[in-house]
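Participant: First, the structure itself, so that you have it in front of you.
The values are calculated or read from the model by the stated rules, or taken from the named source; none is laboratory data. Predicted model only: the values in this text are computed from it and were never measured. Here the Cβ positions follow ideal geometry from the backbone for every residue, glycine too, while neighbour counts run over all protein chains shown.
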Amino acid sequence: MKLRTMRHLIVGLLSGTGVFHLLVAFLNAAPGLGLPLAGFGLLFVVIGFFVRNDTNDGSKSHSRNAVLAAIIACSAGLILGGRAYLTNGHPPALILMFAIDIAVIVLGVMWLMKLTTKHRR
């Protein structure tokens, strides 16, 4: 898979999960989860914007730092959301959010690995 295709998939997944987080936060959140879900939703949309724009972030690839931020944010979402899910079991939509987080992490790591091998040549 090409670097650009992976980056576009990351953007799509981040934007989709960001909107999904916001919808769940405002429509169906368990007590105490609305604000964290909304915060992560906004965070994912913003990071997706920076990954999409190929922002000049000081790295050689211009998107490396944004992809790293996506990996970190999704990892934090998995950890914090997983803890909330194990504690409350609500909302069931968290399972889909976890799957998207895992997909973003896998794609981000693949993108970074492919980027480093491309720059070594």
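Participant: Restricting to the stretch 83-111, give me the number of residues that are more than 15 Å from the chain's Cα centre (by Cα), assigned to a helix (DSSP H, G or I) and not aromatic (Phe, Trp, Tyr). Talk me through it step by step, then tell me what you get.
Facilitator: Kept after step one, since they are more than 15 Å from the chain's Cα centre (by Cα), are these residues of the stretch 83-111: 83-93.
This time we only want the ones that are assigned to a helix (DSSP H, G or I), so: 83-88.
From what is left, the residues that are not aromatic (Phe, Trp, Tyr) are 83-84, 86-88.
The total comes to 5.
Participant: Every residue in the stretch 77-93 that is among the hydrophobic types (A, V, I, L, M, F, W, C) and without any contact (Cβ under 8 Å) to a residue 24 or more places away in the chain, please. Even if it seems obvious, please write down each step before you answer.
Facilitator: Going residue by residue through the stretch 77-93, those that are among the hydrophobic types (A, V, I, L, M, F, W, C) are 78-80, 84, 86, 93.
Matches in the stretch 77-93: Ile79, Leu86.
Participant: Sticking with this structure for a sec: Which condition number does Ala103 fail, the rest of (1) modelled with pLDDT under 95; (2) among the small types (Gly, Ala, Ser); (3) closer than 17 Å to His8 by Cβ being met?
Facilitator: (1)
Participant: Return the residue satisfying two criteria in turn: it lies in the stretch 28-54 and is at pLDDT below 85 and assigned to a helix (DSSP H, G or I), and of such residues it is nearest to Arg83 (Cα to Cα).
Facilitator: Looking at the filtered set, the residue picked out is Gly34.
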